[in-house]
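Trainee: My structure is below; once you've seen it, I'll send some questions.
Nothing in this text is a laboratory measurement; each read-out follows from the coordinates by a stated rule. As the structure is a computational prediction, the values presented were derived from the model and not from experiment. As a convention, Cβ positions derive from the backbone with ideal geometry for all residues, glycine included, and neighbour counts pool all protein chains shown.
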Amino acid sequence: MIEKKLETALEYIRQKTDFIPDVAVTLGSGLGGFADEVEHASFIDYCDIPGMPVSTAPGHKGRFVFGKIAGVKVAVMQGRLHYYEGHDIADTVMPLRLLRKMGAKFLILTNAAGGINPDFEAGDFMLVDDHISFFVPSPLRGKNPDSLGVRFPDMSNVYDKDLRRLADAVAKRNGITLKHGILVQTAGPNFETPAEIRFLRTIGADAVGMSTVIEAMAACHCNFRTLTLTCISNLAAGVTDDPLSLEEVMVMAKQKAPQFRTLLHDLIGAIKVHNSK
Ligand code: HPA
């Protein structure tokens, strides 16, 4: 079923373009503007691809942007599919699986998340070293698409060590502080309670979001080399007494977007240099 769906969608894409991306990028809340940096851009709207779910989240456009950034062939997912929108969990990872089938080898995931670690401040950037996924179903549930990966994939190294080293170097060069930590995904769409955040801190999470972890799992399954960059858009519930809102998340994500864009742009360029050596 998943294999057939991917095949049909890929056939449609291949009627439109023979583009082979090197790097795939998912843009999180407030970061959609990064797609403007894609040179010689061409677009395919998700709603035109047979079988593709359509993004309904605020600020998420729902299309692929193909082109070049820093001389590298990129495929940008402008707008992501969240589990909380009601999609089947496997459908939320369909875009990245399609890009893998198109030939992309690297995946950069970006998102906004709430800071749990008491050393974090709103506006910080966090490089994800590992994750906790227990509060959402696995995107690998159901019949295994054998053409993508194995039934029981190892999750010991979801986040590529080389890419993380590169990201640290790129951040340093640009004078941007990059914290490191563990991302946990909840199902959403509600924010967490203070008691839930205390629990998540106890089990080792540094930041909490409503996306991204399941994408990293599907990416690991289909052998993407993956990096996740998180913008701490707010402190999580109970870490401060302030009520949480989408507006707050979007304002901070937009405020940090210029630095985020610099990081992403230079990182994509660095991936090319590093891998052509
Ligand atoms: N919780 C869950 N998801 C989020 C948050 C949060 O505090 N901030 C941004 N995404």
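Trainee: Identify, from the list Ala253, Ala257, Ala187, the residue that is aliphatic (A, V, I, L, M), within 14 Å of the ligand (Cβ to nearest atom) and over 24 Å from Leu140 (Cα atoms).
Mentor: Ala253
Trainee: Taking only pairs six or more apart or across chains, which ones have beta-carbon atoms under 7 Å, a first residue in the range 98-115 that is closer than 20 Å to Glu3 by Cβ, and a second residue that is acidic (Asp, Glu) and more than 16 Å from the ligand (Cβ to nearest atom)?
Mentor: Cβ pairs passing all conditions: Ala104/Asp22.
Trainee: Which of the residues that make up the range 96-106 are in contact with a helix residue (DSSP H, G or I) (Cβ under 8 Å, 6 or more places away or on another chain) and over 13 Å from Thr212 (Cα atoms)?
Mentor: Listed by number, the residues that qualify are Arg97, Leu98, Arg100, Lys101, Met102, Phe106.
Trainee: Follow-up question, since we're still on this one. Has the range 100-111 got any residue that is surrounded by fewer than 16 Cβ atoms within 10 Å (Cβ to Cβ), outside any helix (DSSP H, G or I) and more than 15 Å from the chain's Cα centre (by Cα)?
Mentor: yes
Trainee: So, of the residues in the range 69-99 that are β-branched (Val, Ile, Thr) and either more than 11 Å from the chain's Cα centre (by Cα) or farther than 19 Å from Pro21 by Cβ (or both), which turns out to be surrounded by the fewest Cβ atoms within 10 Å (Cβ to Cβ)?
Mentor: Ile89
Trainee: Tell me yes or no: at least one residue of the range 211-222 is closer than 15 Å to Asp129 by Cβ, within 14 Å of the ligand (Cβ to nearest atom) and either without any contact (Cβ under 8 Å) to a residue 40 or more places away in the chain or touching a Ser or Thr at 6+ places or on another chain (Cβ under 8 Å) (or both).
Mentor: Looking for residues that are closer than 15 Å to Asp129 by Cβ, within 14 Å of the ligand (Cβ to nearest atom) and either without any contact (Cβ under 8 Å) to a residue 40 or more places away in the chain or touching a Ser or Thr at 6+ places or on another chain (Cβ under 8 Å) (or both), one finds at least one in the range 211-222, hence yes.
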